[in-house]
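Comments concern the structure below.
The values are calculated or read from the model by the stated rules, or taken from the named source; none is laboratory data. These numbers come from a predicted model, not from an experiment. Positions of Cβ are generated from backbone atoms using ideal geometry, with glycine treated the same way; all protein chains shown enter the neighbour counts.
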Amino acid sequence: MAPNSETPAPDGPAVRLRARRDLAVAAAVRQGLVDDEQPLVALLDLRTVHDTVHALHTAFGEAGTADRPPLHTFAVKAGSLVPVLRLLNGLGVGCEVASPGELALARAAGVPADRIVLDSPAKTTAELREALELGITLNVDNSQELTRLDRLTAGTTPRGALGLRINPQLGAGSIDAMSTATATSKFGVALQDPGARAWVLRAYADRPWLTALHCHVGSQGMPLEQMAAGVAATYELAEEINEAALAARGRRQIASLDIGGGLPVNFDSDEVSPTYGEYARLLKDRVPGLFDGRYRVVTEFGRSLLAKAGVIVARVEYTKSAGGRRIAVTHAGAQVATRTVFAPESWPLRVAAYDADGRPGTGAPVRQDVAGPCCFAGDLVARDRELPALEPGDHAALLDTGAYYASTPFGYNSLPRPAVHGFTVGPEGVPEFTVIRRAQTVAELVAESGG
């Protein structure tokens, strides 16, 4: 049946990913991971996670030098589940955190301090003090935060790398909310504002303990060229700071460049596009000095590491027709697909149809809405979409949902958080599941709400 996917290269990675997904959905239904009591479940393909991390290491390894390997960190907000962070840590990927909670998750996953990076535009003094005590890398957002650090570091040498986050003010991508390098972005030091560059140079000249520099221009919707331009601006500023340090103190000051993350995800098919290899080659072409061994490169990829590995499977509860439009009412809506429901033009998702036994749907495609359970009219994950006709007891699968969707659910209507299961498919084609997060019980939900 064609409507569930596209026509990728025969026996390529996309074909294998789809085959594993189909096996996992059928096994989840057969084993009761999704049923009347638990009509919603999230699945994570651990093989895809391994393959994606390997592709990241390979791409930047080929671009750089063996004696100065990059530090890859995972943006915890994209998958805030301790077992996932533990898996990534075992694959050589640390954590980028943006809150006390995310830092606690990273530590619970066993991520060492030298592989944790703290970013946030609103760090409290207590958060800064904890970061200094732990020795994690700290990216300073603004001049007032830097003044706080002056007091906290007085007379001491910080153990972790400290640096400023800059905003090169390069403009927005196609999704304004995901663009962090606009002229008026809330993040970092606005580098093109009057006097800002001179202030940054003075800040480093006065503080030899500032040894890093950070920039992240945005994520989904950002063209690779714009991402590379942000890295180039960061590199040029680092070179200027190091030139001044060499002249004043006879040594370079900035040792690491954090180039952020944000590689866009292709939500139109199972193909990975763009790839880490394409991005690394573009960076090597645009900013060759980045990889010559003088700097340790730090990355903060999130969505692109997990998105393709995930699928959310929801049971179809009812079907109806309104105004000539067929509607399938399922258990996956705004509580797990928040961005898709509230900003469908920016965050469209593919939906695949499976029958009551978890097998790919084979019926003739018909136009239909796929609705969620939340009590507002816009709770739709797909509008007027051609799919095999969904019937009560069938399953709707939201594809490319390994990042953000199930790991950071929205508490609308007090819907319990769904279970998340990792899976691997053995050589005989039999999926094996492991619990990443068990389903939230109603009693736990009541307790969480002060009951």
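Within the group Phe376, Phe410, Phe423, which residue is buried (at least 22 other Cβ atoms within 10 Å of the Cβ) and either among the aromatic types (Phe, Trp, Tyr) or under 23 Å from Leu44 (Cβ atoms) (or both)?
Testing whether each residue is buried (at least 22 other Cβ atoms within 10 Å of the Cβ) and either among the aromatic types (Phe, Trp, Tyr) or under 23 Å from Leu44 (Cβ atoms) (or both) leaves just Phe423.
Report yes if Gln169 is over 21 Å from Glu278 (Cα atoms) and either modelled with pLDDT under 90 or buried (at least 16 other Cβ atoms within 10 Å of the Cβ) (or both), otherwise no.
Judged against the criteria, Gln169 is a match.
Residues in segment 204-212: is at least one part of a helix (DSSP H, G or I), surrounded by 19 or more Cβ atoms within 10 Å (Cβ to Cβ) and either at pLDDT 95 or above or at positive phi (or both)?
Within segment 204-212, one or more residues are part of a helix (DSSP H, G or I), surrounded by 19 or more Cβ atoms within 10 Å (Cβ to Cβ) and either at pLDDT 95 or above or at positive phi (or both).
May I ask you to list the residues in segment 197-244 that are under 31 Å from the mean Cα position of the chain (by Cα) and basic (Lys, Arg)?
Across segment 197-244, the qualifying residue is only Arg197.
Which strands (runs of 3 or more DSSP E) does segment 216-327 wholly contain that include 1 or more residues that are modelled with pLDDT of 95 or more and over 30 Å from Arg86 (Cβ atoms)? Even if it seems obvious, please write down each step before you answer.
Details: elements: 256-258, 296-301, 310-322.
In segment 216-327, the matching strands (runs of 3 or more DSSP E) lie at 310-322.
Quick check: anything in segment 223-246 charged (D, E, K, R) and under 22 Å from Pro69 (Cα atoms)?
The answer is yes, given that some residue of segment 223-246 is charged (D, E, K, R) and under 22 Å from Pro69 (Cα atoms).
Residue-wise test of (1) closer than 19 Å to Leu33 by Cβ; (2) of a type in the set (Gly, Ala, Ser); (3) not assigned by TED's automatic domain parsing to the domain that holds Ala334.
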position	(1), (2), (3)
Pro373	yes, no, no
Leu380	no, no, no
Ala406	yes, yes, no
Phe423	yes, no, no
Pro427	no, no, no
Ile436	yes, no, no
Thr441	yes, no, no
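Being without any contact (Cβ under 8 Å) to a residue 40 or more places away in the chain and within 25 Å of Thr52 (Cβ to Cβ) narrows it down to one residue among Glu448, Glu432, Glu444; which is it?
Glu432
One residue is enough: does segment 278-292 have a residue meeting the conditions buried (at least 16 other Cβ atoms within 10 Å of the Cβ), in the same structural domain as Cys215 (by TED's automatic domain parsing) and among the small types (Gly, Ala, Ser)?
Within segment 278-292 (the criterion being buried (at least 16 other Cβ atoms within 10 Å of the Cβ), in the same structural domain as Cys215 (by TED's automatic domain parsing) and among the small types (Gly, Ala, Ser)), the answer is yes, since at least one residue qualifies.
Could you go through segment 354-362 and let me know if any residue there is free of Cβ contacts under 8 Å to residues at least 24 places away in the same chain and surrounded by fewer than 19 Cβ atoms within 10 Å (Cβ to Cβ).
no
Given Leu85, Leu91, Leu81, which one is closer than 28 Å to Ser269 by Cα, surrounded by fewer than 21 Cβ atoms within 10 Å (Cβ to Cβ) and not assigned by TED's automatic domain parsing to the domain that holds Ala352?
Leu91 is the lone residue from the list that is closer than 28 Å to Ser269 by Cα, surrounded by fewer than 21 Cβ atoms within 10 Å (Cβ to Cβ) and not assigned by TED's automatic domain parsing to the domain that holds Ala352.
Among Asp45, Asp35, Asp67, which is the only one that is more than 23 Å from Glu271 (Cβ to Cβ), at pLDDT 95 or above and not hydroxyl-bearing (Ser, Thr, Tyr)?
Values: Asp45 fails: more than 23 Å from Glu271 (Cβ to Cβ); Asp67 fails: at pLDDT 95 or above.
Only one candidate passes the filter, namely Asp35.
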